[in-house]
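The values are calculated or read from the model by the stated rules, or taken from the named source; none is laboratory data. Everything numeric here is computed off the predicted structure, so don't read it as measured data. Cβ: placed from backbone, ideal geometry, glycine included. Neighbour counts: every protein chain shown.
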């Protein structure tokens with residue numbers, strides 16, 4: 001399916017080159033693998049460079065047709081992160097403004113999305129600490 005998004009960044013971050021990384025959050029994996037506590041299993045799906053207005057378009061799998069995702073009641077989500085293309089450093093974590101998910105950063109698994117999902121920085125993301133994360137925060 002084609003996913004259309006737009007990143008709205010503050011002016012200080014808008015001038016920096018960045019890519020949007022899309023990650024599949026497999027919340028269902030804890031139950032599936034019998035894990036009682038631990039990190040969420042994730043799969044990086046793609047990276048895309050938005051245009052000058054923050055718009056991007058990308059083909060993503062339709063996870064509503066995935067047997068595992070569906071059998072676990074779509075207990076999964078997509079996450080979007082703005083990263084520097086050369087260093088892979090996080091510029092900001094992105095939250096969907098017009099789609100609600102399990103958490104503030106989650107885009108739920110759906111068969112269809114709005115014509116354009118709007119993303120804004122999440123409070124507390126690296127951009128709030130002076131625009132660049134400390135090296136130790138990235139480890």
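Here are some notes:
- Test: residue in segment 42-50 that is under 16 Å from residue 119 (Cα atoms), modelled with pLDDT of 95 or more and not in a strand (DSSP E or B): yes
- Only residues that are within 13 Å of the chain's Cα centre (by Cα) and within 22 Å of residue 2 (Cβ to Cβ) were counted in segment 42-55, giving 6.
- Residues satisfying the stated conditions in segment 11-41, i.e. under 18 Å from the mean Cα position of the chain (by Cα), surrounded by 13 or more Cβ atoms within 10 Å (Cβ to Cβ), in contact (Cβ under 8 Å) with a residue 60 or more places away in the chain and part of a loop (DSSP other than H, G, I, E, B): 18, 27
- Count of segment 51-69 residues, restricted to those that are in a strand (DSSP E or B) and surrounded by 15 or more Cβ atoms within 10 Å (Cβ to Cβ), is 2.
A quick yes/no check of all residues on (1) touching a residue at least 24 places away in the same chain (Cβ under 8 Å); (2) part of a strand (DSSP E or B); (3) surrounded by 12 or more Cβ atoms within 10 Å (Cβ to Cβ); (4) over 11 Å from the mean Cα position of the chain (by Cα):
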position	(1), (2), (3), (4)
91	yes, yes, yes, yes
95	yes, yes, yes, no
99	no, no, yes, yes
102	yes, no, yes, yes
105	yes, no, yes, no
110	yes, no, yes, yes
113	yes, no, yes, yes
119	yes, yes, yes, no
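- Qualifying position, being buried (at least 17 other Cβ atoms within 10 Å of the Cβ), touching a strand residue (DSSP E or B) at 6+ places or on another chain (Cβ under 9 Å), within 19 Å of residue 107 (Cβ to Cβ) and touching a residue at least 60 places away in the same chain (Cβ under 8 Å), among 82, 76: 82
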